[in-house]
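Have a look at the structure below before the remarks.
Only the coordinates and a few stated rules stand behind these numbers; no lab work does. Since the structure is predicted, the reported quantities are computational estimates derived from the model, not experimental observations. With ideal geometry, Cβ positions are generated from the backbone for all residues, glycine too; neighbour counts draw on all protein chains shown.
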Amino acid sequence: MDFPSELRRQAAVVERGLDQYLPPADTRPARLHEAMRYSLQAGGKRLRPVLVLATADLFAAQLGAALPAAVAIECLHTYSLIHDDLPCMDNDDLRRGQPTAHRQFDEATALLAGDALLTHAFALLAESYAAQPVLAHALIRELADAAGSRRLIGGQMADLLAEKKDATPAELEFIHLNKTAAMIEAALVLGGLVGGADAAAIATLRRAGHELGLAFQIMDDVLDATADRATLGKTPGKDAKAGKTTFVKLHGLATSRQLAQAHSAAARAAFHELPGDTAFLIALVDSLVIRSS
């Protein structure tokens with residue numbers, strides 16, 4: 001398998017889906033829909049929607065069946081980035097290599113664009129899978145659980161509370177399991193649900209998402225401490241400036257890299273347990289490890 005070519009192909013499918021399933025920029029009020037598209041179409045790794053598509057393919061989903069779910073999770077992820085960058089949160093100026101939404105537009109517009117993307121994610125699932133109500137219910141429930149007060153938003157709250165203090169390893173793990181890993185786990189499960197995976201396979205996908213999410217966040221911590229603005233596409237060193245506890249702060253660079261490798265290995269092992277050709281998913285894990293070296 002030519003992993004770079006396949007990744008580009010999957011990402012291109014995501015980009016077309018984002019354009020297809022989002023209201024046109026000139027939809028009234030145009031400023032709101034321009035801001036939604038500005039943030040959603042700014043690029044990025046597209047990790048979560050690609051995971052949805054690749055996992056659905058693994059279980060032989062019908063062509064295009066997973067695309068609305070992939071777009072929905074990217075809408076929700078982008079909403080979380082818009083809000084995370086706001087002055088009341090991380091107060092960042094750069095995201096995905098361009099000005100953050102509140103810098104490009106204004107704070108109120110950014111807030112509303114995030115709200116609209118969050119709402120649109122669930123409307124998209126409800127509408128796109130209306131002919132399969134059991135599947136629609138399962139997808140909505142999964143995404144809502146991952147994005148709720150006990151997971152994504154809970155992790156963001158815990159992250160804010162941990163600023164300017166020395167968080168414990170257990171507190172840091174709680175933050176990253178919920179702020180980061182929850183959505184990666186959800187991406188894998190959404191793809192599995194669309195593909196008709198059984199309960200055992202869904203449990204394996206959850207375990208893989210748990211491990212991959214931790215590996216991904218540890219690598220982000222390493223990059224925040226070592227990479228430049230061009231590499232990151234966002235402001236480097238902002239975690240240290242905000243006084244946040246990170247894996248690098250707690251364990252140092254060398255141990256953090258070792259931890260990322262260990263969690264990546266566990267994710268690969270979980271993928272090996274799944275049926276079908278998991279080469280792309282395993283190569284994707286490996287590519288995330290390489291980016292932190």
Assuming 0.36 nm per residue, please report the length gained on full extension of the stretch M1 to H272 beyond their Cα-Cα distance. 95.9 nm
Taking 8 Å as the Cα distance limit and 6 or more residues as the minimum spacing, I'd like the relative contact order of the chain as a percentage. 20 percent
Taking +1 at the Cβ of each Lys and Arg and -1 at the Cβ of each Asp and Glu, which of A269, L143, A66 sits farthest along the dipole of the stretch 3-290 towards its positive end, judged by Cα position relative to the Cα centre? A269
Note: L63 to A279 extended length (0.36 nm per residue) minus current alpha-carbon separation gives 75.8 nm
Quick check on the exposure proxy: order T245, T55 from fewest to most C-beta atoms within 10 angstrom. T245, T55
Cα pairs beyond 14 Å in the stretch 1-85, in percent, come to 64 percent
Which order, highest average first, do 201-210, 85-94, 98-107, 67-76 follow once you tally other Cβ atoms within 10 Å for each residue and take the mean per peptide? 67-76, 201-210, 98-107, 85-94
By how many nm would the segment from A131 to R103 lengthen if fully extended, with 0.36 nm per residue of separation less the alpha-carbon distance? 6.0 nm
Give the share of C-alpha pairs in each 5 angstrom bin for the stretch 3-290, from 0 to the last occupied bin, in whole percents, shortest bins first. 1, 6, 12, 17, 19, 18, 14, 8, 4, 1, 0
Check: the chain dipole with +1 on Lys, Arg Cβ and -1 on Asp, Glu Cβ, in debye: 240 debye
The base-10 log of I(q)/I(0) that the Debye equation returns for the stretch 100-145 at q = 0.20, 0.25, 0.33 Å⁻¹, one scatterer per C-alpha, is -0.65, -0.79, -1.07
Cα Rg, Dmax, the stretch 72-120, angstrom units: 9.8, 26
Estimated [θ] at 222 nm from DSSP helical runs (n ≥ 4, -39500 (n - 2.57)) normalised by residues in the chain, nearest 500: -22500 deg cm²/dmol
For the stretch 32-74 and the stretch 94-137, what is the separation of their Cα centres, given in Å? 12 Å
In units of 2.2 N^0.38 Å, the Cα radius of gyration of the stretch 10-148 is 1.04
